[in-house]
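Please see the structure below; I have some questions.
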């Protein structure tokens, strides 16, 4: 006979992505700064620093590798020839099919 676990009404699984950022007062942050920086680095959590219960700063983990703008399209863009010089086709701007 299989035993079924009882589910508590109203209790759902909570994802770490759904958690609110932790709030810490400025005085506590000053006292535990290095410890909190390690926690943010290790767990990837966000800490909001408050002064008189008003948010003034956020401590968030830095992105792994910021993408470099210069050179980001290297190898993606292809050269198709000169796009600016005139072509060998004659045309007039006032052709009847453009009216």
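Dividing the convex hull volume of the alpha carbon atoms of segment 20-63 by its residue count, what do you get in Å³ per residue?
Values: hull volume 2.8 nm³, N = 44.
Cα-based convex hull of segment 20-63, divided per residue, equals 63 Å³.
Output the peptides 32-44, 73-85 sorted from most to least packed, where packing is the average of other Cβ atoms within 10 Å over each peptide's residues. If you can, show how the numbers build up before the last one.
Numbers: 32-44: 12.2, 73-85: 6.3.
So the order, starting with the most tightly packed, is 32-44, 73-85.
Subtract the Cα-Cα distance of residue 85 and residue 51 from 0.36 nm times their separation in residues, and report this length gain in nm to one decimal. Write out the running numbers ahead of the final one.
On the way: separation 34, 0.36 × 34 = 12.24 nm, distance 6.28 nm.
Working it through step by step, the gained length comes to 6.0 nm.
If you average the alpha carbon positions of segment 71-93 and of segment 21-58, how far apart do those two centres end up, in angstrom?
53 Å
What is the distance, in nm, between label points placed 7 Å from the Cα along the Cα-to-Cβ direction at residue 73 and at residue 42?
4.4 nm
When DSSP assigns beta bridges and you keep just the ones with both residues in segment 20-63, what percent turn out antiparallel, to the nearest 5? Let's see the in-between values first.
Values: 5 of 9 bridges.
Close to 55 percent.
Sticking with this one: Relative contact order, percent, of segment 20-63 when contacts are C-alpha pairs under 8 Å separated by at least 6 residues? Don't jump to the answer; show the numbers that get you there.
Details: 56 pairs, mean separation 17.5, N = 44.
Relative contact order for segment 20-63 comes out at 40 percent.
Would you order 54, 30 from fewest to most other beta-carbon atoms within 10 Å of each residue's own beta-carbon?
Working: 54 6, 30 10.
Ascending number of Cβ neighbours within 10 Å: 54, 30.
We did not get these values from a lab; they are worked out from the coordinates using the rules stated. The structure presented is a predicted model; accordingly, all values stated were derived computationally and were not measured. Cβ sites come from the backbone with ideal geometry, for glycine too, and all protein chains shown count toward neighbours.
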